[in-house]
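Single-structure report; data block below.
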Amino acid sequence: MINYWQRGVPVWQVRYLTVSFAGLSVVAVVGLALAALRMVSPLGPFSGMSDMYAWGVWKTFNVMTLTAFGSAGFSVGIATWVLGHQRLHAVMRTAILVSLLFYGTGLLALGVDVGRVWNFYNILFPWRWNTDSAMFEVALCMPLYAFLFLAFENVPYVLERIWATGGPVARRRIRAVEPFLRRIYPFMIAGAYVLPAMHQSSLGALLSLAGAKVHPLWQTPWLPVLYLIQAVVCGFAATIFALMTACLYWKRPIDVSILSELADLLSKTIFLWLGLRLADVAWRHELGAAVALDSYSVIFLAENVGLLVPALVFRSRRLRETPRVLYNMTTLAGLASLLYRFAPTTLAFRPGGPHDVYFPSVPELLIMCGWIALAIVGFSLAVKTFAILPAPIEAWDRLIAVARADHPEWRLDVHGNPTDD
């Protein structure tokens, strides 16, 4: 089947500064300002945490939960390079950008949560590593993945931009470094798949140490496997959601065949996860707790039904190629997935008993929203500057025509690529 989406094209002829962009920027600035203030102030005024609840919403939501959406590049990459879904190369740039933004903001949130972030430099000195800590693997793998492997995956479209807008000197430098980048590319891609698989499973392993503090419906030896597979589910859902939201907001054409292929993979992964989850609950004799209809049972049923419905709907090719159904069901799957990732760290986490409840303070919520707004602002800036979002070939032709008119100094070949000739 021929792709309708042919190649990445920036969102051109759209103003950078819009009302929504300005509003999100304000939220991001407020969140960052409060985070900076929190670094030089006592923790008490900024958090609803207590001696029982030492994990605040910055970690439980921004890190433990939203980094699952940061698995977009991991999910699409495995499907493309390992499973042979070559048509998904058209959406790879969107997926790895989503990953970079969620991991980047997640690491910022982790820095605020840790508190004395200026001591993080110790990770550079192996003789200071605490290898007995459950957080060691996460603290090592997440920054390494985000700032090395994931950043490397996002380099090509940046170099394209420099090539198109730069002069002969910039192009000579890019041409000189290109052979080296091609040589290390396979190793960087391998690292980009190994590291997220390690730390996503380690996030689940971290929760297993909480023991009876986590409700039995979520506390299981299979948490590392369930967290890893759930990250793949979130990655597919985040990619579809980001693509469709961007196309709807900026009125760009969509390729339902590629989105349908992503939805098909999302459905199959959900069925795999649901099968393991329910088998684990049955094996541990917790089915009674699952249907007890107390608050924990309701959360459990909500997250599982919220995933089962989209998985069943997406088994119909006609339905998953219907844009409205695809968008709504993907949103439902994403919310249900986030609920599963969030529940064992907060909603089903009762270290002091069933009546000990944590609720984030207003500054905590503002900082949390600030990280999310920062990711959205970064996405908007990136897709308006670089060729990330996929588009049909005629959109590329229109862009080339605009480029020739606005920048007559650019020398392009017959395919629209910059040339020195």
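The values are calculated or read from the model by the stated rules, or taken from the named source; none is laboratory data. These figures come from a predicted structure and were not determined experimentally. Cβ placement follows ideal geometry from the backbone for every residue including glycine, while neighbour counts extend to all protein chains displayed. Ligands, DNA and RNA are excluded from the accessible area calculation, which covers all protein heavy atoms including side chains. Shrake-Rupley method; radii C 1.70, N 1.55, O 1.52, S 1.80 Å.
Data overview
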{"item": "Whichever residue in the stretch 133-185 is more than 20 Å from the chain's Cα centre (by Cα) and of a type in the set (S, T, Y) and, among such residues, is modelled with the lowest pLDDT", "result": "S133"}
{"item": "Single residue of the stretch 37-51 satisfying the filter (over 25 Å from R350 (Cβ atoms) and among the hydrophobic types (A, V, I, L, M, F, W, C)) that is most open to solvent (accessible area, probe 1.4 Å)", "result": "V40"}
{"item": "Pairs, first in the same structural domain as A36 (by TED's automatic domain parsing) and in contact (Cβ under 8 Å) with a residue 24 or more places away in the chain in the stretch 113-135, second open to solvent by 80 Å² or more (accessible area, probe 1.4 Å) and part of a loop (DSSP other than H, G, I, E, B), C-beta under 6 Å, six or more apart", "result": "A134/L209"}
{"item": "Conditions (1) in contact (Cβ under 8 Å) with a residue 40 or more places away in the chain; (2) open to solvent by 50 Å² or more (accessible area, probe 1.4 Å); (3) β-branched (V, I, T); number of the one not met by V291", "result": "(1)"}
{"item": "Conditions (1) hydrophobic (A, V, I, L, M, F, W, C); (2) over 29 Å from E364 (Cα atoms); (3) open to solvent by less than 50 Å² (accessible area, probe 1.4 Å); (4) at pLDDT 90 or above: number failed by V11", "result": "(4)"}
{"item": "Residue within the stretch 137-157 that is crowded, with 16+ Cβ neighbours inside 10 Å and in contact with a strand residue (DSSP E or B) (Cβ under 9 Å, 6 or more places away or on another chain) present", "result": "yes"}
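Here's the yes/no breakdown for (1) in a helix (DSSP H, G or I); (2) under 30 Å from E364 (Cβ atoms):
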{"position": "A54", "(1), (2)": "no, yes"}
{"position": "K59", "(1), (2)": "yes, yes"}
{"position": "S75", "(1), (2)": "yes, yes"}
{"position": "W81", "(1), (2)": "yes, no"}
{"position": "A90", "(1), (2)": "yes, no"}
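To keep it simple, each residue is scored yes or no on (1) modelled with pLDDT under 95; (2) farther than 29 Å from P143 by Cβ; (3) assigned by TED's automatic domain parsing to the domain that holds L266; (4) open to solvent by 20 Å² or more (accessible area, probe 1.4 Å).
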{"position": "W5", "(1), (2), (3), (4)": "yes, yes, no, no"}
{"position": "S25", "(1), (2), (3), (4)": "no, no, yes, yes"}
{"position": "F61", "(1), (2), (3), (4)": "yes, no, yes, yes"}
{"position": "T67", "(1), (2), (3), (4)": "yes, no, yes, no"}
{"position": "W81", "(1), (2), (3), (4)": "yes, no, yes, yes"}
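Yes/no per residue for (1) crowded, with 19+ Cβ neighbours inside 10 Å; (2) modelled with pLDDT under 90; (3) closer than 22 Å to F102 by Cα; (4) of a type in the set (G, A, S):
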site: S208; (1), (2), (3), (4): no, yes, no, yes
site: H215; (1), (2), (3), (4): yes, no, no, no
site: P253; (1), (2), (3), (4): no, yes, no, no
site: L265; (1), (2), (3), (4): yes, no, yes, no
site: L272; (1), (2), (3), (4): no, no, no, no
